[in-house]
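Comments concern the structure below.
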Amino acid sequence: MSWHGTAVTLHRASPAHAAEVLDVLDEAAAWLRRRGVTQWPEHFESSWIDGAIERGETWLAHLGATAVGTLTLDWSDPLWTDIGGTAGYVHRMAVRRQAAGLGALLLDWAADAAGHNHQRFLRLDCVASNGRLRSYYEARGFVHRGDVLVGGAPGRRHDDGPRTCVSRFELALPHHDTASLLDGNGKE
């Protein structure tokens with residue numbers, strides 16, 4: 001992949017990459033908080049990402065040797081059980097400020113990966129009060145599919161704790177008949 005003429009590599013994160021994933025997430029969370037957006041906690045804990053990394057669902061984007069972005073792409077989300085259709089679900093997508101704008105490339109990649117894995121939709125959510133992010137998703141073709149309350153602190157879902165209103169967004173994907181984009185080795 002290329003971003004502003006620079007090669008971007010995307011690979012599955014392994015447990016050895018957890019610190020890089022956390023650094024990207026924490027930098028993005030701090031930037032959001034400085035802007036008055038409570039999308040995520042001040043700091044992510046490794047226990048919040050370990051399962052997704054172990055399942056091969058978390059990805060890191062690098063410019064050269066520097067991790068500049070991350071996202072988790074999985075195939076189910078209890079937040080969407082009331083809406084049918086197969087989908088890929090994007091969680092914890094973040095980019096470092098030095099790579100501002102890379103999110104569009106990551107979303108395109110996630111849409112391609114989901115489509116090549118025979119999913120009909122790409123879905124994601126954000127806190128309902130984040131108007132800029134909601135507008136961004138809509139400008140990228142995502143359709144608002146309702147707001148729901150989730151338990152737990154922002155970025156950390158639980159059945160208990162404070163309640164957060166999140167907005168769900170969905171992008172319809174073109175049908176793909178080709179082999180899976182994600183091979184067993186985590187490479188495109």
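The values are calculated or read from the model by the stated rules, or taken from the named source; none is laboratory data. Given the structure is predicted, the values throughout are model-derived calculations rather than measurements. Here the Cβ positions follow ideal geometry from the backbone for every residue, glycine too, while neighbour counts run over all protein chains shown. SASA here: full protein model, heavy atoms, side chains in, ligands and nucleic acids out. Shrake-Rupley method; radii C 1.70, N 1.55, O 1.52, S 1.80 Å.
Open to solvent by 10 Å² or more (accessible area, probe 1.4 Å), in a strand (DSSP E or B) and on the phi < 0 side of the Ramachandran plot: does that describe ASP147? The answer is yes for ASP147. For the range 56-86, filtering for residues that are out of contact with any helix residue (DSSP H, G or I) (no Cβ under 9 Å at 6 or more places or on another chain), within 26 Å of THR6 (Cα to Cα) and touching a residue at least 60 places away in the same chain (Cβ under 8 Å) leaves 1.
Within the range 1-27, if we keep just the residues that are at pLDDT 95 or above and of a type in the set (Gly, Ala, Ser), the residue that is surrounded by the most Cβ atoms within 10 Å (Cβ to Cβ) turns out to be ALA13.
Of all residues in the range 90-127, exactly one satisfies the criterion of being β-branched (Val, Ile, Thr) and either touching a Cys at 6+ places or on another chain (Cβ under 7 Å) or farther than 16 Å from VAL24 by Cβ (or both), namely VAL127. Look at the range 10-26: where a residue is within 13 Å of ARG55 (Cβ to Cβ) and a partner is surrounded by 18 or more Cβ atoms within 10 Å (Cβ to Cβ) and hydrophobic (A, V, I, L, M, F, W, C), sitting 6+ places away or on another chain with Cβ atoms under 7 Å, you get ARG12/TRP59; ALA13/VAL21; ALA13/ILE53; ALA13/TRP59; ALA13/LEU60; SER14/ILE53; PRO15/ILE53.
From the list THR81, THR58, THR66, THR86, the lone residue that is hydroxyl-bearing (Ser, Thr, Tyr) and buried (at least 20 other Cβ atoms within 10 Å of the Cβ) is THR58. Taking (1) open to solvent by 50 Å² or more (accessible area, probe 1.4 Å); (2) in contact (Cβ under 8 Å) with a residue 24 or more places away in the chain; (3) within 17 Å of HIS91 (Cα to Cα) in turn, TRP31 satisfies each apart from (3). Cβ separations smaller than 7 Å between residues 6+ apart or across chains give the following pairs from the range 87-99 residues that are closer than 21 Å to ALA65 by Cα to residues that are open to solvent by 40 Å² or more (accessible area, probe 1.4 Å) and not charged (D, E, K, R): ARG97/TRP31. Residues that are closer than 26 Å to CYS165 by Cα, surrounded by fewer than 19 Cβ atoms within 10 Å (Cβ to Cβ) and at pLDDT 95 or above occur at least once in the range 110-121.
Considered as a group, the residues in the range 40-85 that are of a type in the set (Ser, Thr, Tyr) and farther than 21 Å from SER14 by Cβ include one that is farthest from the chain's Cα centre (by Cα), and that residue is THR81.
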